[in-house]
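Notes to accompany the following structure.
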Amino acid sequence: MDIIVSYVVPTIHVVLCLFLIAVVLLQTGKGADMGAVFGGGSQTLFGSGGAGNFLTRLTTGMAIGFMVTSLILTYGATRTSTSDLINRLPLAPAPATPQGAGPGAAADLPNAGDEPAAPAEPAPPAAEAPAGEPAPATP
């Protein structure tokens with residue numbers, strides 16, 4: 001089915017487009033009959049009366065074919081593209097934020113207020129427990 005939508009339908013579409021242009025250019029305008037009224041010779045390819053009906057039906061058929069192939073090409077183009085650029089992008093890691101930084105944590109930042117920040121106290125060393133006993137809880 002993809003071969004038909006990719007190669008055959010576009011070829012038919014272009015041929016229909018060219019034939020539609022040729023059929024429209026072959027038709028006479030609405031004011032062409034006025035020249036015959038005043039004695040001008042009317043030389044037509046399909047005779048005096050039969051050209052209008054035949055060319056009108058041919059134009060209608062070409063236009064319908066052009067619209068149908070346009071819809072088929074549109075359906076084929078939207079059906080084949082199923083991937084999304086966003087889904088193919090690699091995930092970037094989130095930027096690291098300092099501890100305590102977040103909404104409303106401006107008072108914890110150094111130089112945020114008038115007084116200098118106090119130095120951080122080191123954490124007390126963890127007591128080592130023997131292998132079979134659980135570690136004591138720290139307050």
Sole miss for V9 among (1) modelled with pLDDT of 70 or more; (2) out of contact with any helix residue (DSSP H, G or I) (no Cβ under 9 Å at 6 or more places or on another chain); (3) surrounded by 12 or more Cβ atoms within 10 Å (Cβ to Cβ) is condition (2)
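Yes/no matrix, rows are residues, columns are (1) surrounded by 10 or more Cβ atoms within 10 Å (Cβ to Cβ); (2) at pLDDT 70 or above; (3) over 30 Å from L25 (Cβ atoms); (4) small (G, A, S):
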{"site": "R57", "(1), (2), (3), (4)": "yes, yes, no, no"}
{"site": "G61", "(1), (2), (3), (4)": "yes, yes, no, yes"}
{"site": "G65", "(1), (2), (3), (4)": "yes, yes, no, yes"}
{"site": "V68", "(1), (2), (3), (4)": "yes, yes, no, no"}
{"site": "I72", "(1), (2), (3), (4)": "yes, yes, no, no"}
{"site": "S81", "(1), (2), (3), (4)": "no, no, yes, yes"}
{"site": "A105", "(1), (2), (3), (4)": "yes, no, yes, yes"}
{"site": "A123", "(1), (2), (3), (4)": "no, no, yes, yes"}
{"site": "A126", "(1), (2), (3), (4)": "no, no, yes, yes"}
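The values are calculated or read from the model by the stated rules, or taken from the named source; none is laboratory data. Since the structure is predicted, the reported quantities are computational estimates derived from the model, not experimental observations. Glycine also receives a Cβ, built like all others from the backbone with ideal geometry; neighbour counts cover every protein chain displayed.
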